[in-house]
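The values are calculated or read from the model by the stated rules, or taken from the named source; none is laboratory data. Quick caveat, the model's predicted, so the values are computed rather than measured. Here the Cβ positions follow ideal geometry from the backbone for every residue, glycine too, while neighbour counts run over all protein chains shown.
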Amino acid sequence: RAHDSLAAAGVADRCELVAGNFFESVTPGADAYVLKTVLHDWDDEQCKLILSNCAKAMPPDARLLIVERLMPEHFEDSPHDRGIARGDLNMLIAQDGKERTLEQYKALLDAAGLHLKRSLKLSIGFDVLIALRS
């Protein structure tokens, strides 16, 4: 399914899909690494391990793209914020994970030898955090 999506986007010849266990290691040498809705599944210590393994694998000019729903610093009574709160509760109950604020992600990145270069808000309710090796 992932290969079909890459082919439909016209980038299959520029991408390689690699299976593995990110708690043990991450395939080195890529230009970009993508973690989409991965980190919210795990507690802080496991996230630090995943991110540290990414940092070790990344060449100096590589990018790590983290796609997650960011927890707002201050909640508003809006459908978006209520959805984030429900997602946070689901992560806690189902997997001992959690949704995080931008500041919490920055702290995890720092602890793993990475730093946040840029944060982009997508129209579909997700944010993309672009991280580099420190």
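For this structure, a couple of remarks:
- For the range 1-57, the set of residues classified as among the basic types (Lys, Arg) and in a helix (DSSP H, G or I) consists of Arg14, Lys48, Lys56, listed by residue number.
- Scanning the range 102-118 for residues that are more than 12 Å from the chain's Cα centre (by Cα) and not in a strand (DSSP E or B), we see that the one that is surrounded by the most Cβ atoms within 10 Å (Cβ to Cβ) is Ala112.
- In the range 119-134, the residues that are touching a residue at least 12 places away in the same chain (Cβ under 8 Å) and either under 13 Å from the mean Cα position of the chain (by Cα) or surrounded by 15 or more Cβ atoms within 10 Å (Cβ to Cβ) (or both): Ser119, Phe126, Asp127, Val128, Leu129, Ile130, Ala131, Leu132, Arg133
- From Ala85, Ala55, Ala111, Ala32, residue being of a type in the set (Gly, Ala, Ser) and under 22 Å from Ala2 (Cβ atoms): Ala32
- Residue that is modelled with the lowest pLDDT, among those in the range 58-86 that are assigned to a helix (DSSP H, G or I) and within 12 Å of Arg100 (Cα to Cα): Ile84
- Criterion: of a type in the set (Asp, Glu), surrounded by 12 or more Cβ atoms within 10 Å (Cβ to Cβ) and farther than 21 Å from Ala2 by Cβ - qualifying residue of Glu99, Glu45, Glu68, Glu73: Glu99
- Test: Asp81 is over 13 Å from the mean Cα position of the chain (by Cα) and either loosely packed, with under 15 Cβ neighbours inside 10 Å or hydroxyl-bearing (Ser, Thr, Tyr) (or both): yes
- Residue in the range 27-42 that is farthest from the chain's Cα centre (by Cα), counting only those that are within 16 Å of Leu116 (Cα to Cα) and surrounded by 13 or more Cβ atoms within 10 Å (Cβ to Cβ): Tyr33
- Test result for Glu24, modelled with pLDDT of 95 or more and either acidic (Asp, Glu) or over 27 Å from Leu114 (Cα atoms) (or both): yes
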